[in-house]
Amino acid sequence: MASVFDTAKYLLDKLGKMSTWKLHKLCYYAQAWTLAWDEKELFPEDFEAWSNGPVCPVLFREHKGMFMIDYNQLKQGDPSVFNPEEKENIDIVCRDYGDKDPYWLSEQTHGEDPWRIARGDLPVGAPGDTIISKASMGLYYGGL
């Protein structure tokens, strides 16, 4: 099975250098839409409902301290591991979300149930580390 690092490398290869904030949101949407369309996870790593939207902690630890990241700066990951269906899912995410800025992506996730439910009644801007369940992602995005 692929990892979040493989997904991140694939996105960086397709879209080029981007903010780490945007990279997390694109990885999140790649996972969410794969759960919705194929009813299986793209990678096993989880996302947490941080104040600025979904963040994958293991990916965050890999690039901590960086604002922008490019393909060569991410040490882990192999974008060639994906099968054609998985590539198609990620390519659709690139097409539909790749030109959006990180603020738009963050606001988009804030209006969607998986992040909102995981945040619960935490105040705006408060730190949070609740896992956004893959079940809630598949159910929400599968219903759109």
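Just so it is clear, none of the values below were taken in a lab; they were calculated from the coordinates. For clarity, every value in this text was computed on a predicted model and none was experimentally measured. Cβ: placed from backbone, ideal geometry, glycine included. Neighbour counts: every protein chain shown.
General observations
- Test: residue in the range 18-28 that is in contact (Cβ under 8 Å) with a residue 12 or more places away in the chain and closer than 13 Å to LYS87 by Cα: yes
- Tally of residues being under 16 Å from the mean Cα position of the chain (by Cα), of a type outside the set (Asp, Glu) and in a helix (DSSP H, G or I) across the range 105-141: 16
- Looking across the range 122-142, the residues that are free of Cβ contacts under 8 Å to residues at least 24 places away in the same chain, surrounded by fewer than 19 Cβ atoms within 10 Å (Cβ to Cβ) and not aliphatic (A, V, I, L, M) come down to PRO123, SER133.
- Residue satisfying condition, being surrounded by fewer than 16 Cβ atoms within 10 Å (Cβ to Cβ) and either aromatic (Phe, Trp, Tyr) or outside any strand (DSSP E or B) (or both), within set GLY65, GLY77: GLY65
- Within the range 16-60, the residues that satisfy the criterion of being part of a loop (DSSP other than H, G, I, E, B) and closer than 21 Å to LEU139 by Cβ are GLU39, LYS40, GLU41, LEU42, PHE43, PRO44, GLU45, ASP46, CYS56.
- If you check ASP99, ASP13 for being more than 29 Å from GLY120 (Cα to Cα), part of a loop (DSSP other than H, G, I, E, B) and more than 14 Å from the chain's Cα centre (by Cα), only one passes: ASP99.
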